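Take a look at the structure set out below.
We did not get these values from a lab; they are worked out from the coordinates using the rules stated. If you're wondering where the values come from, they're calculated on a predicted model, not measured in any experiment. For neighbour counting, all protein chains shown are included, and Cβ atoms are generated from backbone atoms with ideal geometry for every residue, glycine included.
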Amino acid sequence: MNLSYKDLKFILESIDLLLNQYNTRLEKIEDSKEHEDEASDLANDCMFLESLKSEIEQNINAENIVYSSVSSQTKSKETLESLTESTLQLSINERLLLVEAITQSIRKETNLIAS
């Protein structure tokens with residue numbers, strides 16, 4: 001099942017609401033002997049929901065990292081294509097000068113870093 005970011009956020013919000021309801025109920029019955037089983041069930045459910053919530057949040061964060069990486073790569077491709085198109089409008093001599101200028105700037109930068 002593929003869930004969208006909005007779907008996952010909705011689920012997280014629902015889990016938070018359910019956790020609040022369970023915790024409110026637990027506060028009311030935690031010292032009552034007649035509700036021990038219910039309190040135990042609610043506590044177990046809360047632990048499960050917290051675990052589920054944590055896993056969903058981790059998945060959202062991982063998806064955001066992947067999306068950010070893919071977005072960055074897409075922007076790099078677009079920038080490269082744009083630069084290539086601009087470069088094609090230069091003469092061969094101008095392009096060779098540009099290559100030489102870039103090569104020298106990289107050499108200077110690597111020498112500065114190595115120093």
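Tabulated data
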read-out	value
Distance (nanometres) between label positions extended 7 Å along Cα→Cβ at LEU112 and LEU97	2.3
Residues of type aspartates and glutamates that LYS108 reaches as a straight line, Cα spacing below 14 Å, ignoring anything fewer than 8 places off in the same chain	GLU100
